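**Student:** The structure that follows is given in the form of structure tokens.
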Amino acid sequence: MEEDSHLQYLSELQQRVREWQPWTCTLAEVADKLGVDPSRGLDHLEARNRHTHFGSNVPVGLDRRLSFVRVLAEHAIAPTTQLLLVICVLYAMWGEFWNFVTITLVAVAIIALRVLAEWRANRALTALQNSVPANTTVLRNGREGIVASDELVPGDVVLLSRGQLVPTDAVVVACHGLSTDESLLTGES
């Protein structure tokens with residue numbers, strides 16, 4: 001019976017986490033929503049239960065490999081591209097050679113730019129995924145400990161120091177001289 005109530009609690013926690021915007025809340029509100037004491041962190045049993053319930057801390061949607069042909073096909077059947085191709089056919093039927101060539105080149109350019117943008121975005125996401133540290137320091141049962149980054153769960157208190165990469169979405173509880181490098185997200189060198 002106790003296990004059923006705990007599963008119900010975890011399901012409710014999962015629903016609360018999906019529906020809120022933590023960046024708009026105070027630390028006390030975030031801690032309350034996540035059911036954690038920021039000064040002690042989660043206890044080991046609760047962390048294990050949350051890991052079982054929520055799964056591993058890995059980015060969603062990055063496990064698929066992009067096939068050039070699939071990406072090209074997706075963009076070739078896009079409504080805008082289809083409209084341009086229909087216009088091309090009409091110009092060809094009407095004998096308007098230069099208009100046909102112009103619209104065809106525009107359609108090819110649009111497809112090429114879309115494919116290039118998707119490849120770049122996927123490359124940036126892959127780089128971001130590869131930059132997540134293998135292990136991170138957390139506060140559990142009031143003590144610092146090292147856990148695998150993919151074992152982080154909602155409510156974990158992550159402890160960071162100078163030069164460390166942030167292993168997951170997080171709310172900053174306290175900091176001194178915080179600065180971030182967002183070049184992976186913005187594409188800057």
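**Student:** Within the range 35-50, which residues are buried (at least 18 other Cβ atoms within 10 Å of the Cβ) and either among the polar types (S, T, N, Q) or in a helix (DSSP H, G or I) (or both)?
**Tutor:** Glu46, Ala47, Asn49, Arg50
**Student:** Give all pairs with beta carbons closer than 7 Å in which a residue from the range 160-183 that is among the hydroxyl-bearing types (Ser, Thr, Tyr) meets a residue that is surrounded by 10 or more Cβ atoms within 10 Å (Cβ to Cβ) and part of a loop (DSSP other than H, G, I, E, B); count only pairs at least 6 apart in sequence or on separate chains.
**Tutor:** Pairs found: Thr168/Asn57; Thr168/Leu152.
**Student:** Let me ask something else about it. So, of the residues in the range 97-136 that are surrounded by 15 or more Cβ atoms within 10 Å (Cβ to Cβ) and free of Cβ contacts under 8 Å to residues at least 24 places away in the same chain, which turns out to be farthest from Gln82 (Cα to Cα)?
**Tutor:** Per the stated criteria, the residue is Asn99.
**Student:** Take the residues in the range 23-34 that are exposed (fewer than 14 other Cβ atoms within 10 Å of the Cβ) and farther than 13 Å from Leu13 by Cβ, then tell me which one is nearest to the chain's Cα centre (by Cα).
**Tutor:** Checking each candidate, the answer is Trp23.
**Student:** Looking at the range 117-147, which of its residues are of a type in the set (A, V, I, L, M) and modelled with pLDDT of 90 or more?
**Tutor:** Across the range 117-147, the qualifying residues are Val138, Leu139, Ile146, Val147.
The values are calculated or read from the model by the stated rules, or taken from the named source; none is laboratory data. Note that the structure is predicted; figures quoted are calculated from it, not measured. Every residue, glycine as well, gets a Cβ built from its backbone with ideal geometry; the counts of neighbours run over all protein chains shown.
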